[in-house]
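All of the numbers you see were taken from the coordinates with simple rules; none came from a lab. These numbers come from a predicted model, not from an experiment. In this analysis, Cβ positions are derived from the backbone assuming ideal geometry, glycine residues included, and neighbour counts consider all displayed protein chains.
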Amino acid sequence: MKKLLLPLLLTALQAVAADLLLVVESTLDTRVTPSLDQYIADAKAEGWNVETVKWPARSNKDTLAHVRLAEQVIWPRAKATTDLHVMMIGKLPMPYSGFNLLPDGHTDTVGAYATTLYYACPDAKWTDIRDNSGYKSKAQFINRPGDGKFDQQVGPGGTSAASLEMGKLQAKIGFLDMSVMGTAKSWGSTNTVVDLQAKAYIQYFQRNHDYRTRQWSPKTGAGNGAYTKRPTGYFQDWAYRTLGTNDYYFFFAPTASSTQPYAACDMGPYSVVFDFKALPYQSTYWSTLTGPWAVLDLSYGSYQIDFGAQRLVNPLVTGALATANSATGAWDLTGMFQGKTLGQLWGQTVNRGMANTYCVLYGDPTIVVRKPGNAAQPVAPVAVINPSVVVGTAPVAVTFDGSSSYDSDGSVAAYDWNFGDGHTAQGAIVNHAYTQAGTYTAVLTITDDSGLSHSESVAIEVASPNVPPVAQFSVNTTSGTAPLAVVFDAASSTDSDGQIVSYTWDFGDGNTAAGQTVQHSFVNEGTYQVNLSILDNRGGVSVASKTIVVEAVEQQILRIETITTRTIETSTGTTAYALVRVTTPSGSPISGIAVTGRWTGIASNNKTLTTDVNGQVEIASKKVTTAGTLTFSITKMLLENFTYDPSLNEVSTATVVVSALDFGVQESASL
């Protein structure tokens, strides 16, 4: 039976050749190998280029294993292809990101969440510096610097500055891990946990194979459950538009007199389900399912959002091919029945709607969802737009490339473009220039050879030309003697259409600084041109300058006004003294002068002393015991900001004659 149905697999579900990377736990139970081999064969039959890489099971002791897996295995391959799908099978590293995410409103779940988005964004600026340990959250949500959990909370496509840093989504990720399915007892099984998990993998791949070979197909297009007993508006509207009213079924939570969830199972299997707290998450409920439940099962419920939540994993064990939480908003299901894979639906959801990092797809990302029924139907083409630029300043020239659009069961016959500004064009690759500021939605509509069409759109943001900022600054002084400390304040600088993001100062003396307000000291005399350069958030630059004049400290003149000598004779010899008075040329005494005097003649010595408040200092000779002449002279006088000019001295030397008849104290004034 299965062999007879295989041609349908090749015709109705054949996809454009794409790359599928299987990252498989290296210690995965070998009993799963035949089922995994069948899955690989099915994927290759659909046109997938399959590569398998083995990776060690995750460990709580190795908090950075996901970084190595991304850098060594996933990211190089993601950058080498335009449509990489990655299926991670087994107990593999699950990255976490976020610091105050709160998807279900419970304060003990605020923090970081599982995020396979990490594996899909190789060029993102992932950081690990935030600390949310102050929250009273459960341990799995706590995020500390350097613990391997990242800070980012939104993925590409979000509107915040953080999301713009996330980079381009370069892979479609699905995660299949049965190790979190719970205990054997919770499933009503007498098997060991190892046996139970192996059986779950085998059942999943068999269900996957049977779906691909059309041994089962959805019976109802869309199932919508809500404990509020009110349909989910956006999902119901989408189902009515896409499938019609007959392929939409609503169910609600059970009561004492109602068994609706069991009736809901009878309406399955579904193409897609959105369940808002209508079905229980416990294993005991899901263990009762005897057949497929849904291709894609979207759900939301308190404490059932993060990796390992029972409501996410249990349907994979018994009835679904993929599950995901829909905690923050609507999944973008555009193209679900037109050949897009679940991985592509996940990617466009991250890019356009639910941009939170915890938007994770559990299960096979290569699955293409079919409408109810088993008959092969023409498949609509899939439009893909690759613009050369999506943000710019008017005029913005854009190359729109639609050549990646495809038709899984035929060929694209026509490409029609509407640029959103009243202009249109035809062709796979076209050029268009936007001359006015605004937000434009460019739409590509492709039509295939069977007459089916599909549209894709992209937003082009055109900004008005930037008005440069105006640099201005004030100073507390523009001149003074060295060293001169100056405060520079650029608070008066303005930017009329944005904000100033940097202030750079060049003080003209080889020194620079950054910041709105800075201080700088000029240590040498001179005239300095100080330049302030400011940069706004759109790259505009403005420069302002001021001149700072730094003068040298005025040097005052020193001279010797008088030198008075005296001698003192004792029984051991005679000592001569020279009393020096230092003044300015006008006669004002100067204290603090370091005066170095020298005695020569019958004795020789140098001595340095400091003048007192009267400008005087007395310098003694060595004691002499022989008659003769002693001559005193000044060799040096030093004081900061003063200059000694010997040519202005009233007297420069003094002489003392020592005779054998000298007794007592003798004083004489030098001439």
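Structural remarks
- Computed label-point distance, nm, for sites S388 and S302 using a 7 Å Cα→Cβ extension: 5.4
- Maximal additional length on extending the N524-S457 stretch stands at 17.7 nm, based on 0.36 nm per residue less the C-alpha distance.
- Shown is the FRET efficiency for S586 and T643, computed with R0 = 22 Å from the Cβ-Cβ distance and rounded to the nearest 0.05: 0.90.
- Straightening the chain between V193 and H423 buys 76.5 nm, computed as 0.36 nm per residue apart minus the Cα-Cα spacing.
- Of all DSSP-defined beta bridges confined to the chain, some 70% are antiparallel rather than parallel.
- For the chain, calculated [θ]222 nm from helices alone, where every DSSP H run of n ≥ 4 adds -39500 (n - 2.57): -4500 deg cm²/dmol
- In this structure the amide hydrogen of Q472, modeled in the peptide plane, comes within under 5 Å of the amide hydrogens of S493, T494, none closer than 5 places in sequence on its chain.
- Selected from I534, L558, A603, residue furthest toward positive end of dipole (the range 529-620; charges at beta carbon): I534
- Simple spin-label estimate for A80 and A397 in nanometres, 7 Å along Cα-Cβ: 3.5
- Whole-Hz couplings from phi, Karplus 6.51/-1.76/1.60, listed for the range 81-92; x for Gly and Pro: 9, 9, 8, 7, 9, 10, 10, 9, 10, x, 8, 9
- The modelled label-to-label distance between E51 and D123, using points 7 Å beyond Cα along the C-beta direction, is 1.9 nm.
- Karplus-derived 3J(HN,Hα), 6.51/-1.76/1.60, for each residue of the range 630-642, Hz, glycine and proline x: 10, 10, 10, 9, 8, 9, 6, 9, 10, 6, 4, 6, 10
- Using the Karplus relation 6.51 cos²θ - 1.76 cosθ + 1.60 with θ = phi - 60°, the per-residue 3J(HN,Hα) values for the range 45-55 come to 5, 7, x, 7, 8, 9, 10, 10, 10, 8, 9 Hz, with x marking Gly and Pro.
- Calculated FRET efficiency for the pair N100/D210, C-beta based, R₀ 56 Å, to 0.05: 0.85
- Only Lys, Arg (+1) and Asp, Glu (-1) charged, at Cβ; the chain dipole about Cα centre in debye: 2120
- For the chain, the relative contact order works out to 8 percent when only alpha carbon pairs closer than 8 Å and six or more residues apart are counted.
- Mean Cβ count within 10 Å, highest first, over the residues of peptides 214-224, 454-464: 214-224, 454-464
- Listed values [x] 12, 19, 16, 14, 11, 10, 7, 5, 4, 2, 1, 0; [y] 15, 33, 18, 11, 10, 10, 3, 0; [z] 16, 45, 32, 7, 0, entry calculated as P(r) over Cα pairs in 20 Å bins from 0, in percent: [y]
- Taking amide H as placed 1.01 Å from N in the peptide plane, the amide H of Q152 sits under 5 Å from that of G98, T127, each at least 5 places away or on another chain.
- Extended-chain gain in nm, criterion 0.36 nm per residue less alpha-carbon gap, V501 and N246: 86.1 nm
- Cα centroid separation - the range 19-79 against the range 436-507, whole Å: 44
- The simple Förster model, with R0 at 41 Å and r as the Cβ-Cβ distance, assigns R68 and A413 a FRET efficiency of 0.30.
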